[in-house]
Amino acid sequence: MDIKTFEHFAIETAKSAGEVLISYFGKLTHVDNKSTDIDLVTRADVESEKLITTAIKKAFPHHNIIAEETDFETINSDYCWIIDPLDGTTNFVHTLPIFAVSIGLQYKNQTILGVVYNPVYDQCFHATLNGGAFLNNSPLNISSTNTLSKSLLVTGFPYIHDERWQASFRLFEDFYSRNQGMRRLGAAALDFCFVAMGRFDGFYEFNLQPWDVCAGDLILREAGGKTSDWDGITPMPISGKRILASNGFLHTQMSDVLMQEKYRDVFLVSRG
């Protein structure tokens, strides 16, 4: 099937899911917790995911699906949809309009399509492999910032309050002493896209999930940016364990900070 057919389907499905989110935005009456008191799920997450996965199963019944809120049985297929029905749930709960629907498609474990849609601003970021990256059909372009001292970076922090949680703040402080500013927006899919559009110059995080990174990773790379593991060389793990994303010009400089000995052992990928 032509990639444009998949892209059109994903964009329209993301926008429909966005309508579900908007119908609940500012109107929630109940919020549930998952792993911790700050790891949240709402009826909006669940209904958005149901709309997306139902559409996929109807249009592509023989494709696999990986989604945040539901475990699906694995099918023998080369195609796999990776879904986050509401990236930025905590923002959503507090009526902060920084959240998105994220839909990625992989073929034989390679991401070939990414769509990230913020329904509040009707901003749809989308990309296909080797087809470029766009915001509402206008091409995306990374920034030209080439030194950390002139950069604005974005990051996130883990939910679990262990030694890595503590180390995350030390790392944040380390970067903050080297650049013009740091931001923590709480929606990783949009963090990738904001680097892709040149709003940020780089993004790093630890212990994300496939649905947090799949679509945004492709969008950034197709906009001319670079993604990898923190070492700056190994391809970005689709597991989301260690994410380094940048305009490319800052990649080595950011990796040098992340791979300092005082952080290296704390954030080993093998620790899970």
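What value, in deg cm²/dmol to 500, does the helix sum -39500 (n - 2.57) over DSSP H runs of n ≥ 4 give at 222 nm once divided by the residues of the chain?
The helix contribution divided over the chain gives -10500 deg cm²/dmol.
Can you tell me which of F99, F175, F192 moves the most in a GNM of the chain? Springs connect C-alpha atoms under 10 Å apart.
Largest GNM mean-square fluctuation: F175.
Hey, could you grab the Kirkwood Rh for the chain? Inverse mean 1/r over distinct alpha carbon pairs, Å, one decimal.
Result for the chain, one decimal place: 18.6 Å.
Ranking S177, S151 by Cβ neighbours within 10 Å, fewest first, what do you get?
Placing the least packed residue first, the sequence is S177, S151.
Can you tell me the alpha carbon radius of gyration of region 1-147 divided by the globular rule-of-thumb value 2.2 N^0.38 Å?
Ratio of Rg to 2.2 N^0.38 Å for region 1-147: 1.08.
Along the principal axes of its C-alpha atoms, what lengths does region 148-267 span, in descending order and rounded to whole Å?
34, 31, 26
When we measure straight from the Cα of K58, which aspartates and glutamates land under 18 angstrom away, once same-chain ones fewer than 8 places off are left out?
Of all the aspartates and glutamates, those that pass the test against K58 - Cα under 18 Å, at least 8 places apart if same chain - are D2, E7, E12, E47, E49, D71, E73, D78.
Separation of region 163-187 and region 104-127 by C-alpha centroid, Å?
Cα centroid of region 163-187 versus Cα centroid of region 104-127: 27 Å apart.
Pairs of Cα atoms under 8 Å, at least six residues apart: use those to get the relative contact order of region 148-267, whole percent.
Computed over region 148-267, the figure is 26 percent.
Just flag the trypsin sites (Lys or Arg not before Pro) in region 99-165 sitting in loop per DSSP whose Cβ has no more than 12 other Cβ atoms within 10 Å.
Here the trypsin sites (Lys or Arg not before Pro) that fit, given the DSSP loop and packing criteria, are K108.
Give me the distance in nm between label points sitting 7 Å out from Cα along the Cα-to-Cβ direction at R184 and I3, one decimal.
3.6 nm
Express in whole angstrom the spacing between the alpha-carbon centres of region 8-22 and region 197-216.
21 Å
If packing is taken as the average count of other Cβ atoms within 10 Å, what order do 181-187, 135-141, 123-129 fall into, highest mean first?
With the highest mean Cβ count within 10 Å placed first, the list reads 123-129, 181-187, 135-141.
Along the charge dipole of the chain, pointing to its positive end and built from +1/-1 on Cβ of Lys, Arg, Asp and Glu, which listed residue (A100, N141, F192) has its Cα farthest out?
Looking along the dipole axis, the top candidate is N141.
Throughout, read-outs are computed from the coordinates displayed, never taken from laboratory work. Computed from a predicted model, the values in this text were never measured in an experiment. As a convention, Cβ positions derive from the backbone with ideal geometry for all residues, glycine included, and neighbour counts pool all protein chains shown.
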